[in-house]
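Report on one structure; see the data block that follows.
Read-outs: derived from the displayed coordinates by stated rules, not from any lab. The shown structure was predicted, so the numbers you read here are calculated from the model rather than taken from an experiment. Positions of Cβ are backbone-derived with ideal geometry, glycine not excepted, and every protein chain shown enters the neighbour counts.
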Amino acid sequence: MSGVFSPSRAQIKERTLRTDKWWLQPLATFGVLFSFVIYATFRAFEGDYYYKDHLISPFYSPCLSEACVDEAVIGGFAPISAQIFNFPLSPALIILIFPLGFRMTCYYYRKAYYRAFWMSPPACAVAEPHKKYTGETRQPLILQNAHRWFFYAGLIFNVILTYDAIISFKNKDGEWGAMSVGSLVLVFSAAMLWMYSLSCHTCRHTIGGRLKHFSKHPIRYKAWTTISRLNHSHALFAWISLFAVAFADIYVRQVASGAWTNFYFFE
Amino acid sequence: MARKVNLRIWRGDSNSGALQNVEVEANEGEVVLDVIHRVQATQMGDLAVRWNCKAGKCGSCSMEINGKPRLACMTRMSSFEEGEEITVTPLRAFPVIKDLVADVSFNYKKAMEIPAYEHPADLGPGEARMEQIDVERSQEFRKCIECFLCQDTCHVIRDHEENKKSFAGPRFFIRIAELDMHPLDMLKNRKRTAQEEHGLGMCNITKCCTEVCPEHIRITDNAIIPMKERVVDVKYDPARWLGSKIRRREG
């Protein structure tokens, strides 16, 4: 008998005496994240419907595979084989590790999935079901410390997705000055990804959090203060950016498959 | 206006115990501690409860109210629905002494394990100077009233008694962060010892400590995560490690 049922503690047989709906939040988190994982896995393996008329899905950008349609490749740079061990390799699978790694190691998502998926703990003051716990001190969870490397990679992706959003202001003939619903969807997705990255705890640390003397670094202090303010809403940006990226992919997929028409405000 | 409320109070000691029902009067403006005192005065004369300031500043009346770690003196009776049963137990992460009193001495042992502030050798008494922006981060952590609600709710020790020997807990992570961010503290290796001796790596940042803090200290965001990032600087980031060797920065 361990934990709250240890012999020295108050003898109470219930795992928790909470009377509120403490299970609602982890359940909702589980539902949303699991749905996203299922959808993202399906899309990552689908390998199609990711480009149409200067709209590229964020799941497939940058498109680095030889299998990519020419228009989706930035600067003709597509050095990776379209097959691996004679199996077709979807362009999304090549790059997905970076945004996935960034979110998996994110301090906010860690809280969310430790609670919702691993129930460690399911909610505050609700006993967890595991007999042993070593936290993030051993493999594989010690790899959570790689968050900053995924953060740096995430910044590169943000630049690329911002480029994609700008490119979407071209019309079907490749001329600048057009704007469609797809442009707005990609702009919103890129903007939310920037907000998510900039409000990140690692960003806050890198910008100035690691300093001992703010007074000797006034510019970094100012930047740290701004990032700290954004950091208050990091969880919000984490969710909005997740939905924004998923919706951008859905939108491009529907347009590319012909199910939806991309409405142009002006061409 | 007075009303009757139903309380379930845990009564017992380290050998045995159970929840006991009691009906008691509650008046407008009262808090849970007032009602417990009324029970003590009228129905359970030997009920053990620890309290002191009744103003949310001493951290003595920590207990669990409807399963949530709370200060009894800061939990208003008006926050409960009419007719709602209110369950009051001692802190469930620590050994019970009697009734609502838990043995929190674990925390004092952990406090002694944290190395104290180390003053610069070249500065005499009264010569230390610090700018406000250099100390304001640490000042948030000085608001701690040592109620140990954060320690109580932390599942690392609440659900795993065996972790108590190797895990200092959120209250002491804010102490370590306070000292590590202190502009004049000269002690090296605070980051490494936070990870290797005080169990920072065991925290999986589920933020329960922040949720229960009556002083609203952002324990996870402002102390634990910054300390985890500082640990990454010295233990898991080869680029930073190399930089610290070349440029002789603090490691």
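For chain B, the Cys residues with no second cysteine's beta carbon closer than 4.7 Å are B:C61, B:C73, B:C144, B:C147, B:C154, B:C203, B:C213.
Nearest-5 percent of antiparallel DSSP beta bridges in the protein assembly as shown? If we restrict to bridges inside the protein assembly as shown, about 85 percent are antiparallel. Karplus-based coupling profile of region A:106-111, in residue order and whole Hz: 4, 4, 6, 5, 4, 4, with θ = phi - 60° in 6.51 cos²θ - 1.76 cosθ + 1.60 and x standing for Gly or Pro. The charge dipole of region B:105-246, taken about its Cα centre with unit charges on the Cβ atoms of Lys, Arg (+1), Asp and Glu (-1) only, comes to about 320 debye.
Close amide H pairs (under 5 Å, H built 1.01 Å from N) link B:L100 with B:A48, residues at least 5 positions away or on another chain.
Of all the C-alpha pairs in the protein assembly as shown, what % are more than 44 Å from each other?
Working: 38503 of 133903 pairs.
The share of Cα pairs beyond 44 Å in the protein assembly as shown comes to 29 percent.
Phi angles across region A:139-154 convert, under the Karplus curve 6.51 cos²θ - 1.76 cosθ + 1.60 with θ = phi - 60°, into 3J(HN,Hα) values of 5, x, 6, 5, 5, 4, 5, 7, 3, 5, 5, 5, 5, 4, 4, x Hz, Gly and Pro given as x.
Which stretch or stretches of region B:191-225 have amide N atoms under 16 Å from the point lying 7 Å from B:K165's Cα along the Cα→Cβ direction? So the set is B:197-199. Would you mind classifying region B:89-136 by shape? Square roots of the alpha carbon gyration tensor eigenvalues, ordered a ≥ b ≥ c; an a/c under 1.5 is rounded, otherwise it is prolate if a/b is larger than b/c and oblate if not. Judged from the Cα gyration tensor, region B:89-136 comes out prolate (a/c at least 1.5, a/b above b/c). By how many degrees, between 0 and 90 and to the nearest 10, does the Cα long axis of helix A:181-198 differ from the longest principal axis of chain A? Helix A:181-198 sits at roughly 40 degrees to that axis. Taking the Cα centre as origin and putting +1 on Lys and Arg beta-carbons and -1 on Asp and Glu beta-carbons, what dipole magnitude results for chain B, to the nearest 20 debye? Taking the Cα centre of chain B as origin, the dipole is about 760 debye. From its DSSP helices (H runs of at least four residues, each -39,500 (n - 2.57)), chain A gives a residue-normalised ellipticity at 222 nm of -15500 deg cm²/dmol. Rounded to the nearest 20, the Cβ-based charge dipole of region A:1-47 about its Cα centre (Lys and Arg +1, Asp and Glu -1) stands at 240 debye. Across the cross-link table entries B:K68/B:K164; B:K165/B:K245; B:K68/B:K235; A:K131/B:K188; B:K165/B:K191; A:K132/A:K212, which are compared at the Cα atoms, the separations over 29 Å belong to B:K165/B:K245; B:K68/B:K235; A:K131/B:K188; A:K132/A:K212.
Dipole of the protein assembly as shown computed with +1 at Lys/Arg Cβ and -1 at Asp/Glu Cβ about the Cα centre; of A:I207, A:F266, A:G154, farthest Cα towards the positive end is A:I207.
For region B:89-125, chymotrypsin sites (Phe, Trp or Tyr not before Pro) are listed when DSSP marks them as loop and at most 13 other Cβ atoms sit within 10 Å of their Cβ; the list is B:Y117.
Beta-bridge orientation, chain A: approximately 90 percent antiparallel, per DSSP, counting only bridges with both partners inside. Helix A:234-256 and the longest principal axis of the C-alpha atoms of chain A enclose an angle of approximately 30°.
Sequence-distant contacts, meaning Cα pairs under 8 Å at least 6 residues apart, place the relative contact order of region B:3-102 at 34 percent. Note down the relative contact order for region B:61-127 as a percent, whole number, built from C-alpha pairs under 8 angstrom at least six residues apart. Normalised by residue count, the contact order of region B:61-127 is 23 percent. Along the axis of the charge dipole computed for region B:35-112 (Cβ charges of +1 for Lys and Arg, -1 for Asp and Glu, origin at the Cα centre), the listed residues B:V49, B:M74, B:G59 are led at the positive end by B:G59.
Annotation for A:A28 and B:A239: the two label points, set 7 Å from Cα along the Cα-Cβ direction, are 3.7 nm apart. Residues whose amide H lies under 5 Å from that of B:V31, counting only those 5 or more places away or on a different chain, are B:M77; hydrogens are built 1.01 Å from N in the peptide plane. Taking region B:184-215 and a reference point 7 angstrom along Cα→Cβ of B:A116, the backbone N atoms nearer than 15 Å belong to B:185-187. Between the listed residues B:C154, B:I176, B:A121, the Cα displaced farthest toward the positive end of the dipole of region B:112-234, a dipole computed from Cβ unit charges relative to the Cα centre, is found at B:C154.
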